[in-house]
Each structure stands twice: as C-alpha cells, then as structure tokens.
Amino acid sequence: MKLSFGLAALAGLASAWPSYKLSTRAESAITYVDPDTGFTFSEFKAAYTLQSNIVYRMAVPSNPPSGAYDIVIQVVTPNQVGWNGLAWGGNMVRNPLTVAYPNGNKVTLSSRWATGHTTPSMYTGATYTLLTNGNKVNGSHWQFTAKCSGCTTWTGASGAQRINPAATSQRLAFAWSPTKPGSPGSNTSTIAVHDTPNYWYHDFTKGVNPNFDELLARNGGK
C-alpha cells in the first residue's frame, strides 16, 4: 500500500513541535535480523521512560546510488505511546518527519514537514509503502515496517542534505506523546503536543543489505 500526501497544512498542530531544545543521546546502533521480513536492520532503542523503549530500525542497500535511495524503516512502539515521530535530519524543522500512530489492528503513517516552531504541513517529498510483512498490533506493542522513498535526501536550511548509508554517526531525532490522535485512521489527523524530544547518532552500517531489492520484492515493496 503506497501512501502519498498533499501540501495542506494541518490545523491545530502548532503545539506538536514546541521550541525547547532536544536532549542529547550518544548511543549508536546494533545489528538486528528481522525474522518476519528477512531484512538486516541497524537497531536503536530510544528510551522514552526509565523502563520502556521505542525501537527504531533502518535497513539500507549495499550499493545505493549517489543521490536519493530508498530505505526501509521498522518501528516498534509500546501501547502506552499514542504517536511517535522520527526526524531524519536530527531536529524537528526543515527535514522529513515520519509520524506514526495505531489505528485498531493497523498503523497509520503520516509524512510531515515543519518550517519552524509552527504547524507542520503534509510533505509530498517522502512517500511510504507499507510492506506485507512486519506490521502488527498486539497487547503490548504496535509495529510498522515500510519502504520510504524521499527520506534520505531533502533540501533543508543548509541546502541539499543526504543520509550517507555508510555513516557510522548520523544524527536522528524522535518525539512522542501518550495522547492518541483524534482521527487515527487519517494521515492528516491532528496530534497532541509531544513530550521532550531526543536525538542520537545512528550507525547505518549495521543495517546494510546486499539483497535489498530482492527482500523488497519478497515483502511487497516493489
């Protein structure tokens, strides 16, 4: 299932990305081989409480083109989290934002972009294809696995940006809220203000896949 998005701004979302500074995380990532999809991921456990983590996993091709390339993201989130968001540029403004929230036994993905500490708008520069495997909701967690086209390159405040798949220390950021969106089945739903955001430096080399295209085809991503 491919998701694409319009440019309309989201009413009532201004408070979702407040202006206070991000907290710092210095950890990197470990290698995780997913039994459901077969992808090798670089995995980072982002602690949102002292007892619980949101798990972010990234899979990259071994020989990507020099420009834009597709990436597979898998996120595992405890049910106590109403929504979470990943900022590919390591901060909450002027880079692709991957926002996700549960909707019954499914997960809704929303592509967004903020130009400042104001209401984020829908972002057409990144599109998502949910894979046929690796998506689940159970009594403790909700999880999605998706191919993103447009998450690895963008034009930000400093010009053209690209995530280097060979990077061992690429800054990423996340934010979350315990409050569920008002319309969880809609990718344009308003979302509540997030708790303190955080960032870390991710090692993408832990998730290199020589058979990336083959795995995409096997999991309905082609």
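The values are calculated or read from the model by the stated rules, or taken from the named source; none is laboratory data. All values derive from a computational prediction rather than experimental measurement. When we count neighbours, we look across all protein chains shown, and the Cβ atoms used for this are built from the backbone with ideal geometry, even at glycine. Only protein heavy atoms, including side chains, enter the accessible area calculation; ligands, DNA and RNA are left aside. Shrake-Rupley method; radii C 1.70, N 1.55, O 1.52, S 1.80 Å.
Below, the figures for the structure above:
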item: Every residue from the range 170-222 that is touching a residue at least 12 places away in the same chain (Cβ under 8 Å), open to solvent by 40 Å² or more (accessible area, probe 1.4 Å) and more than 22 Å from Lys147 (Cα to Cα); result: Pro178, Thr179, Lys180, Thr190, Val193, Asp195, Thr196
item: Tally, over the range 166-222, of residues that are among the acidic types (Asp, Glu) and closer than 24 Å to Val93 by Cβ; result: 1
item: Selection within the range 46-68 - touching a helix residue (DSSP H, G or I) at 6+ places or on another chain (Cβ under 9 Å) and crowded, with 18+ Cβ neighbours inside 10 Å; result: Arg57, Met58, Ala59, Val60, Pro61, Pro64
item: Positions within the range 96-120 being open to solvent by less than 30 Å² (accessible area, probe 1.4 Å), more than 10 Å from the chain's Cα centre (by Cα) and more than 14 Å from Gly150 (Cβ to Cβ), in sequence order; result: Tyr101, Pro102, Val107, Thr108, Ala114, Gly116, Pro120
item: Residues of the range 26-45 satisfying the condition of being in a loop (DSSP other than H, G, I, E, B) and modelled with pLDDT of 95 or more; result: Asp34, Pro35, Asp36, Thr37, Gly38, Phe39
item: Pairs with Cβ under 8 Å, 6+ apart, first in the range 46-72 and within 13 Å of Thr145 (Cβ to Cβ), second assigned to a loop (DSSP other than H, G, I, E, B) and modelled with pLDDT under 90; result: Met58/Ala29
item: Breaking point among (1) modelled with pLDDT of 95 or more; (2) open to solvent by less than 10 Å² (accessible area, probe 1.4 Å); (3) within 16 Å of Ala126 (Cβ to Cβ), for Gly90; result: (1)
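Yes/no per residue for (1) outside any strand (DSSP E or B); (2) basic (Lys, Arg); (3) under 15 Å from Ala29 (Cα atoms):
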site: Ile54; (1), (2), (3): no, no, yes
site: Ala59; (1), (2), (3): no, no, yes
site: Pro65; (1), (2), (3): yes, no, no
site: Val72; (1), (2), (3): no, no, no
site: Val93; (1), (2), (3): yes, no, no
site: Thr98; (1), (2), (3): no, no, no
site: Val107; (1), (2), (3): no, no, no
site: Ser111; (1), (2), (3): no, no, no
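Each row is one residue, and each column tells you yes or no for (1) more than 15 Å from Asp70 (Cα to Cα); (2) open to solvent by less than 30 Å² (accessible area, probe 1.4 Å).
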position	(1), (2)
Met122	yes, yes
Gly125	no, no
Thr132	yes, no
Gly139	yes, no
Gln143	yes, yes
Thr152	no, yes
Thr155	yes, no
Ala160	yes, no
